[in-house]
Every structure is written in C-alpha cells, then in structure tokens.
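Following: one structure in structure tokens, then a few remarks.
The values are calculated or read from the model by the stated rules, or taken from the named source; none is laboratory data. Treat the numbers as computed from the prediction; the structure is a model and nothing was measured. A quick note on method: Cβ atoms are made from the backbone with ideal geometry, for glycine too, and the neighbour counts reach across all protein chains shown. What goes into the accessible areas is simple: the full protein's heavy atoms, side chains included, and nothing from ligands, DNA or RNA. Shrake-Rupley method; radii C 1.70, N 1.55, O 1.52, S 1.80 Å.
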Amino acid sequence: FFFDADSHLDPAIGSMLPSDVSDDDVETLRSIVGDDLPESTLRALLLRSGGDVTAAANSFFDGGVATLSAMEEGGGASPAQPGACSVGDDVLSTLFKTLEDQGKKLAERDQQLDMATRVCEELVKRLRETERTLASADAERAERKEQRSEVEVQTEGSMVGDADPAGGSGLFARYPLLRLASHLFSPLQMLLWLGGLVGGVVVGAPRLDSHAGEGEAAARAAPLAPEWTVEVMLPALCKRALSLDLKERTGAVHMAAEVLLALCRARHAGSGAALPPELRKAISGVVPAVEKARLYRGRGGEAMRGAVCRMLEVCAAVRMPCGPKAALRSLASLDDSIKHPTEQISLAAVAALRQLSRAYFSEGGGSTGGGSAGGSTGGGSRAAGSGQGAGGGGEDAGGGGAAGGGEAGQAPLDLVARYAIPLGKDPNAGLRRGHALALGALPSPQLRASLPAAVEALVQASRPEAVAELRDPETRRNAISALVELSQTAGLVATGSEGGLTTPLFLEIFEACLDAFGDYQTDNRGDVGSWVREAAMHAALPLLRLATPPEHGAPGSIGDSHAAQLSPPPEGEAEAEAEALQAALPSLCQRLAAALSQQAVEKIDRVRELAAVSLSALLSEKRLPAVARALELRRIFVHDPSDSTCTAPATSADFLVPAVCFGVTAPLLALSEYRLPALRGLSVSAGGLTESTLRGARAALDKHLTGARSSRDRARSSRDRARSSRDRAR
C-alpha cells in the first residue's frame, strides 16, 4: 500500500514489485546500513528508491525507515520525523571516528600555523636587528671617513707649513705623489719597513701566514721605540681590530699580539703588569669586542679565530692581570676554537690553552705581581704558525710566572674532566681531536690531580673506535702526541717526580704507543693509519728516555726544565717504582726495535725514513738497555765509515729510495728476532701499487732467498762431505 507514496518521483517506481529487487542489492544495502533491519524493510527501501542502492542508503540515513513505518501504520498520512530513526552502532562509531580524525587534522594544521607565525616573527626580529647593525656600521664608516679626512687635512697643513699657509690642500691636489709619500714615510709605516728588513735578515724565508710574518717583523722593531709603541702603535692596533676590512682587522690582532710579547720581553722582564693601565684595558678588551661583533662568522672567520687565539696566548704568556671571570671567558672562547675542524685553528687554540692554564688555572701561578712569564710562546707553543703538533713544547711553564691578579690561579676548576669526559663520549671528530691535544697541554698541578683519568682517556682515544663510522685517525694521532706531552709534564715517580706517573701508568702509555704501530686503517685518502704510526715513532724514544734519569751534570734528553725539577735519588715507594721500571725496560726496548724494523721496510717512503732514523737513535742511546743483535742492526742502520762491514746509507734520505732501502734492510730477514716483522713489512711493500717500491721489495726478497738457498746447499754439501769422510775412516 506504500509503494504509491513516492510514485510521483519516477513513473517506473509505481510499477515495480518486491520480486523485482535482487538479493544482491539487498545484501549490499544490508552491509551498508547494518544487520538490524529486516529484509522486507530493506526491499521496501530499494523499491522506494527504484532499485538504487546508494539512494536507498541515503534514504535510510535521512529517516526513510521512520517514514515507511509511519506510512505503514497510518496509511501514508503522516511521515515520521527523521530524528526518530534508529541507526546502527557500527555506523555511529564510523561517523564518530571520522569526526575525530578530522578534528586531529585541524589541530595539526593549527599547530603548523602557530609555528609558521613564530618563525615569521623571529625572521622579522632578526631582519630588524640586521637593519640596525647595518645602520650602525654605516654610521661608523662615515665617522671613520670624517676622521681620516681630518687627519689628511692636518698632515697636509703640517707638511706645507709657513710656505703655503692657505693653499696646503691645493699643493696635494697639484702633486698627488706628495700624499703617497706622506703615507709611505709615516712613523708606523717606517717601523713596519724596518721590522720587515730585520725580520727578513734574521728569520730568512718568508712565512706562509703573511699576517703572522708581518707581526713578527714589527715585533723585532718595536723595542727600538718603546714609548711610541706604547702610546701610539698598540692603541691604534687595538682600534683597528674591529675594522670592516678583514685583512686589516686580522693583521691588527696578529701584530698587536707579537708587538706586545716582544715589548714585554725586552722592556718589562716578560710581565704585562708593568704596562700602563689604559693600554692593559684596551688590550684586554680586544677579544671580547671581537666576539661581541661576531667577527668569527662569515668569510674570514677562521683567520680571525687564529688571530684571537694568538692574542690570548700572548696575554697569558706575559701574565696580563686577569680576574677569575675574565679567565673563564677566555677559556670558553678557546674551547670553541679547540673543537674547530680546521687543524691550524685547533692547534692555535691548544697553544693558547697551554699558556692560559699555566697562568690562571695552575696552583704554581697564584702569586701576584709582575713576575716573569715562565713559558715561551715561540717555537713549539706556536703550533698554528709553524704547523707542528702540540707535543713539542710541553714543559711546565706555570711555576715561574705570575697569574695576574692572583685570584684566577686558585679557581677550583677541574680541567682534566672538562676535556676527558667529552673525549670518550662525543661523536664530533673535531672535538675529540682538539680535546686530546688539550689534555696534553694542561699544567702539572691540573694533571697530577686527576692523572689516572687523563691517561685512561688518552689511551682509549689512541685505539680504534668500536663503531667503524666514528673511527678518526687524527684523533688517535693527537692522543699519542698528547700522551708524550703529558708524561713529560707530569714526570715519573720512578725518576723522582713526586705525584707523577706510576710505573703501571707509564707501562700502559707505552703499550698504547706500541699498539699504534699496528694501525693500518685506510679510507679514500689512502693509508691514514700511517699518521698514527708516525706519531708512535715520534713518541716511543722520548718515552724511553723519560724512564731513564739523566746523568749527573748532563742535560736531560727530554727537557732541561724537567730534569732540573728532579728530586734526590728515590727512596721507599719511589725506589720500588724505579726497580719495576728498570726490570720492564729491556722488554720495551726489544719490542720497539722489532716494531721499527717492520716500519723500516714499509711501502711508504717517509715512514721508512722515520723508522730508520728512530731505530738508529735507539741503537745509539747509551742509557737504554741494549737490544738483541745490536751489532748487526748497527751495521744496517747506523753509518760508521770506520767499519768495513757496515752497509748503512750515509744519510737517512737514502731510505726514501726503494732501490737502495730494500737492498740495505734485506739482511733483517737473516736475524731470527726480526725476521717475522721484516717479512710483514716486505710483504706489504712487494704487494703494493707503486712500481718502484714493488720492484725494490721483490728484488730484495729474491736476493735474500737465493742467498739463503745457496747457504743451505753449501751447508748440506759440507755435511755430506763430513759424513763421507767419517764413513771412509771407519
């Protein structure tokens, strides 16, 4: 009876019967609306919608069931309200889940909009700061230009004098060469010329770092006019340290540091406390001003870092008065440069740390006054200028210097933990390289307070990391160099240094050095493990010399400053340490000789030369125990014109030539103590890629094997003849 209710929608609907609805449509509709409705109702919905499943489902959700029920009960007179329908639970749950998903998406979009708004606000803020910085820079540039023009006007007036009181500027306009001459022959330029002449004569070849070379040249001439240097030159250089020109500000900081050092050494006994207070304030404000201006960033930032590190090194070397907070700020500035990936900057920062720690963080430097700076910043401490490692200048310089102000020298700061903890945990390779060198550069009081921790950190850093991606040969090389410097600074209990390295700690250090001889890591740069092996060869012999106290009246092999601090012959515990050390020395020397014999026949030329030089020095050392077959080794590596059996080359450079080197070192295969190491080295060389090395190694091996076969045949023939003679005698 209700089929005619919607027959006005489609004329074909009124003619449809329930049998015209297929069972598949009914099941499809049931899967959409749920299993709660009977089949008759579903068929009625399909009939009402003309057999369209989609329209029937929409009618169900719009209240079509209630309409059908009302029509069935009341003859189609009053359709039911849509809100009275009963929807299945699964349909409602699907709707609610959809609404929740849409709500989450809207919330995420709101968060993204909030983040974008914050980023835009931060960008606007930085843009305004940049605009203010540019405006101040333009104002400073205009002010400098006005000052420069005033100076030029004054210079022109002074040169013209009474001859042309009204037309001085016109004279310079007519003769431009006069302006150039007034600049070239100014007192500052004349001093730079004289310094360059003196520096070129004394120093010799010019340095690659032009700023450092000019600074040293000016430093040689500065003591000739100390008053002018203090009153004019140094204040002018301090002002130019913030110049907009990169070359000008970098050169000004370099020159100020070198001139300050030379002036204090020549006129003030190495103490910066004797300088005028205004000059001390200007010099001390250079580094904070550079950092405040953010001159480390952008183009030229690396050069500025190197100059600042040199300035901090010189200020500490001359013991400039410095409070605890200023010393900590300087230390934090050096920490940023120590972990820099550029090796030259890291070495410069470590050299500055060496002086800073001795001046302001060492117990030996706690006195006030203007005492002499104990450590020299030339040579080994100037690692950035010379390109050498930090292991060259490791003597303790803190005892003789004055920690200006006296307060920062008592700062309870554990520098060993400051550098040892990140060294073992941080994945940053640049940080680990710098912190390894920093541990070796610390003063004796700091090291002796935490000596086992420092040794353990460096020993672990000298070994290849467990994770292949973290392995860094530069870190291992620096750790080996730092272990030598640490040993030289702290000393050994066995040789009379109170609070120094015990014999077990020394043996652990030497074991790490011997393990470094087996570092053969390779990457796209080649045999990078050779850097670690070279560092081990540089370190091994100084460590052995350190274990033998110098003879009476003879200077020490490691450093005269350390030898002078040795106490009288050891007693008690120190005597037991000395006995244990002397008992271990023969084995250490023998193992070192075997490791060097392997490196002497390696495929890399410079490694062979360094190994031959080190082995020759070991064989010539009188205070160390003799190694096995020392006489045969001396004939191979120590040149002696008086010995006719000596085959050693006249110079170590011959070990760079494979055709000469392998022919000389092949007799190592005849020595049972060194046969296995020599075979390892020769096998690597014979299987190398370089043609000259390959041929030389193979020729040496063939010659030795041929000689060994001939010797064996001769020995067998002699035995056979002896046996035949005995048989005939019987």
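Computed quantities for the displayed model
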read-out: Highest average packing first - 632-644, 672-684, Cβ atoms within 10 Å; value: 672-684, 632-644
read-out: Over 31 Å between alpha carbons, listed pairs Lys105/Lys425; Lys325/Lys425; Lys239/Lys325; Lys145/Lys325; Lys425/Lys603; value: Lys105/Lys425; Lys145/Lys325; Lys425/Lys603
read-out: Estimated distance in nm for a label pair at Cys120 and Arg719, the labels positioned 7 Å out from Cα along Cα-to-Cβ; value: 9.7 nm
read-out: Label-point gap, in nm, between Arg294 and Ala429 - each point 7 angstrom along Cα→Cβ; value: 2.9 nm
read-out: Span from the the range 665-730 Cα centroid across to the the range 307-346 one, whole angstrom; value: 59 Å
read-out: Unsatisfied cross-links (Cα-Cα over 27 Å) in the set Lys247/Lys292; Lys104/Lys125; Lys125/Lys339; Lys292/Lys339; value: Lys104/Lys125; Lys125/Lys339
read-out: 3J(HN,Hα) from dihedral phi, the range 664-670, Karplus parametrisation 6.51/-1.76/1.60, rounded to Hz, x for glycine, proline; value: 6, 8, 4, x, 4, 5, 7
read-out: Portion, in percent, of the accessible area of the range 238-290 that falls on carbon or sulfur, probe 1.4 Å; value: 56 percent
read-out: Ranked packing of 619-628, 245-254, most packed first, by mean Cβ within 10 Å; value: 245-254, 619-628
read-out: Centroid-to-centroid separation of the range 438-516 and the range 526-549 [C-alpha atoms, Å]; value: 12 Å
read-out: For Leu501, distant residues with modelled amide H under 5 Å away; value: Gly491, Leu492, Val493
